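**Student:** Here it is: the structure, laid out below.
The values are calculated or read from the model by the stated rules, or taken from the named source; none is laboratory data. From a predicted model like this one, the values you see are computed outputs, not experimental measurements. Here Cβ is always computed from backbone atoms with ideal geometry, including for glycine, and neighbour counts include all displayed protein chains.
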């Protein structure tokens, strides 16, 4: 073997197929004959963008969706709103989440850091405590870390989130002007730039559960600025319409292309109908938000990001470290449709979103962020993306991956256990239940059965162009030794660079995050000082964000302001303030009366 047997504290187990190389070669030549691109090297970069000093920025975030839309060649359904964005924007073809599941991915988006470097990669950190025997905990980034939205707030942006958070940590009150089902750029002060995020969960894997229906709360996007109408919708996220009430945007007999790792049965086709129908419904919701932007005469001057939080909802997609779990669509529409209809093939990681958004707003990237600006920077595009998989609910694995434009390298730290984890939530999907039934009956073919192998190789290597579904491991093929060595060394470099110790038990991880304490640290309460009518506030906790409200005549503002320095306060007003370092418990609220 190429590496010492004890390097990963596991025994090597070779499960590679001898014929994988020949299948890969066959797929390679098939792609070549069909004029499929075999290299994603960019010939051109984005032409210079003419941006306002502080442009409005809108993120449209869908859940659990691979690139299965017409803009990426899947014409199963029409998505007029998304397709219009693609026609007027830039389509990015190599965008990857850092994880195949939402909460770690959202941590990367919010902070510009790899989740596995800050204790954010175990899904979930605040639940499943009975299964794991671990205390609830949160990710703890460096003291200087702030959420992207807070940086933008501090530089004059009105920031809104409608409505999902799920960052693996509680967002400080300083992070958003609004974070609720009612959050909207329309609530901002006049002439203030905005950063607004709208989250669309109709495409979430739970949209495949039975009884099948669409969460009624999702319909808020059709009238997202009407708080009264939204308040009348069921806010319980498990609330479903009946199937008869479910919007049906495509015929039940629609034909689908079934991935080779899934069986072609009527039940699988029904779940794929659900998946595409949910996408069509989401496209209408997205269209409603864009129409509001146009009604406000803001569309032409707003930078619009459309993307998914990770790969698709079907079995062997979500939670996995294959491209089916990591690769997402992303379209960016720039003001005045600059660079409309173009493609950008550079590798983009979710950790790049925060630095790039800050750059668009004219702000510098904080030194602690791991990402890079992929839009305005003249630096060379990134050469690799990286990803990690750890615990999912009550079930744990340890996997790391790195990928260049063509090849994906995967290192399995627990080769003695199979890939498949019996996640209870996932097994509510009819397709998953059908897959388990067919497995038990011995009716799965070679590719469909791969996920259920009782063990896995320590190293995997896939040619993701010739073998886009990553079914043929070529790690054992000597012809690929050079690329295997390159990606393995890059993975080692990355792990050392971000301080990721994959085999570290989660209990020890918590101990490190809490600096040896038995309980989650608590942010020190803010101290309010007055001098000649000037208020200053501080907290002894390094890195704590301080939020405050000024209450006059018993009237309290709806949102908390971000404390950035001393300010004047009138006599008789009340100052309410809290401090919060990310990953720590929020401090107690301090009330100070200005005399």
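**Student:** Is there a residue being surrounded by fewer than 22 Cβ atoms within 10 Å (Cβ to Cβ) and within 16 Å of the chain's Cα centre (by Cα) anywhere in segment 66-79?
**Tutor:** yes
**Student:** Now, a different point. Going residue by residue through segment 194-211, is there one that turns out to be at pLDDT below 95, assigned to a loop (DSSP other than H, G, I, E, B) and more than 26 Å from residue 451 (Cβ to Cβ)?
**Tutor:** Scanning segment 194-211, I find at least one residue that is at pLDDT below 95, assigned to a loop (DSSP other than H, G, I, E, B) and more than 26 Å from residue 451 (Cβ to Cβ), so the answer is yes.
Rundown of residues vs (1) exposed (fewer than 14 other Cβ atoms within 10 Å of the Cβ); (2) within 28 Å of the chain's Cα centre (by Cα), yes/no style:
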| site | (1), (2) |
| --- | --- |
| 454 | yes, no |
| 459 | no, yes |
| 466 | no, yes |
| 500 | no, yes |
| 509 | no, yes |
| 527 | no, no |
| 532 | yes, no |
| 550 | no, no |
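**Student:** Just one of the numbered conditions (1) without any contact (Cβ under 8 Å) to a residue 12 or more places away in the chain; (2) buried (at least 24 other Cβ atoms within 10 Å of the Cβ) is not true of residue 149; which one?
**Tutor:** (1)
**Student:** Further question on the same structure: When you go through 411, 507 one by one, which is the residue that is under 30 Å from residue 128 (Cα atoms), in contact (Cβ under 8 Å) with a residue 24 or more places away in the chain and touching a helix residue (DSSP H, G or I) at 6+ places or on another chain (Cβ under 7 Å)?
**Tutor:** On the way: 507 fails: touching a helix residue (DSSP H, G or I) at 6+ places or on another chain (Cβ under 7 Å).
Matching residue, one of 411, 507: 411.
**Student:** Tell me, which strands (runs of 3 or more DSSP E) wholly within segment 317-403 include 1 or more residues that are over 17 Å from the mean Cα position of the chain (by Cα)?
**Tutor:** Working: elements: 327-333, 342-344, 385-392, 395-403.
So the answer is 327-333, 342-344, 395-403.
**Student:** Taking the options 150, 144, name whichever one is under 20 Å from residue 355 (Cβ atoms) and over 21 Å from the mean Cα position of the chain (by Cα). Give the derivation first.
**Tutor:** Details: 150 fails: over 21 Å from the mean Cα position of the chain (by Cα).
Exactly one of 150, 144 is under 20 Å from residue 355 (Cβ atoms) and over 21 Å from the mean Cα position of the chain (by Cα), namely 144.
**Student:** Of everything in segment 552-573 that's assigned to a strand (DSSP E or B) and at pLDDT 95 or above, which residue is farthest from the chain's Cα centre (by Cα)?
**Tutor:** Start the filter on segment 552-573 by keeping residues that are assigned to a strand (DSSP E or B), which leaves 552, 555, 561-562, 567-568.
Within this subset, residues satisfying the condition of being at pLDDT 95 or above are 561-562, 567-568.
On the way: 561: 27, 562: 26, 567: 37, 568: 40 Å.
The residue in question is 568.
**Student:** Considering every residue within segment 190-209, establish whether at least one is surrounded by fewer than 22 Cβ atoms within 10 Å (Cβ to Cβ), within 23 Å of residue 56 (Cβ to Cβ), within 20 Å of the chain's Cα centre (by Cα) and touching a residue at least 12 places away in the same chain (Cβ under 8 Å).
**Tutor:** Let us first name the residues in segment 190-209 that are surrounded by fewer than 22 Cβ atoms within 10 Å (Cβ to Cβ), namely 190-193, 199, 206, 209.
Retained after the next criterion (residues that are within 23 Å of residue 56 (Cβ to Cβ)): 190-193, 199.
Now narrow it down to the ones that are within 20 Å of the chain's Cα centre (by Cα): 199.
Now narrow it down to the ones that are touching a residue at least 12 places away in the same chain (Cβ under 8 Å): 199.
Checking segment 190-209: at least one residue is surrounded by fewer than 22 Cβ atoms within 10 Å (Cβ to Cβ), within 23 Å of residue 56 (Cβ to Cβ), within 20 Å of the chain's Cα centre (by Cα) and touching a residue at least 12 places away in the same chain (Cβ under 8 Å).
**Student:** Which of the residues that make up segment 65-83 are free of Cβ contacts under 8 Å to residues at least 24 places away in the same chain and assigned to a helix (DSSP H, G or I)?
**Tutor:** 70, 83
**Student:** Which of the residues belonging to segment 404-438 are within 23 Å of the chain's Cα centre (by Cα) and in a loop (DSSP other than H, G, I, E, B)?
**Tutor:** Listed by number, the residues that qualify are 404, 405, 406, 419, 420, 421, 422, 423, 424, 425, 429.
**Student:** Mind counting the residues in segment 368-403 that are in contact (Cβ under 8 Å) with a residue 40 or more places away in the chain, over 19 Å from residue 131 (Cβ atoms) and in contact with a helix residue (DSSP H, G or I) (Cβ under 7 Å, 6 or more places away or on another chain)?
**Tutor:** Total meeting the criteria: 11.
**Student:** Could you list, in sequence order, the residues of segment 333-352 that are surrounded by 24 or more Cβ atoms within 10 Å (Cβ to Cβ) and touching a strand residue (DSSP E or B) at 6+ places or on another chain (Cβ under 8 Å)?
**Tutor:** Across segment 333-352, the qualifying residues are 333, 348, 349, 350.
**Student:** Only one residue in 320, 314 is buried (at least 22 other Cβ atoms within 10 Å of the Cβ), touching a strand residue (DSSP E or B) at 6+ places or on another chain (Cβ under 8 Å) and within 22 Å of residue 469 (Cβ to Cβ). Which one?
**Tutor:** 320
**Student:** Take residues that are in contact with a strand residue (DSSP E or B) (Cβ under 7 Å, 6 or more places away or on another chain) and tell me which of the helices (runs of 4 or more DSSP H) falling wholly in segment 92-157 contain 3 or more.
**Tutor:** 148-154
**Student:** A further question follows. Here are some residues: 100, 112. Which one is closer than 21 Å to residue 497 by Cα and crowded, with 24+ Cβ neighbours inside 10 Å?
**Tutor:** Step by step, each of 100, 112 is checked, and only 112 is closer than 21 Å to residue 497 by Cα and crowded, with 24+ Cβ neighbours inside 10 Å.
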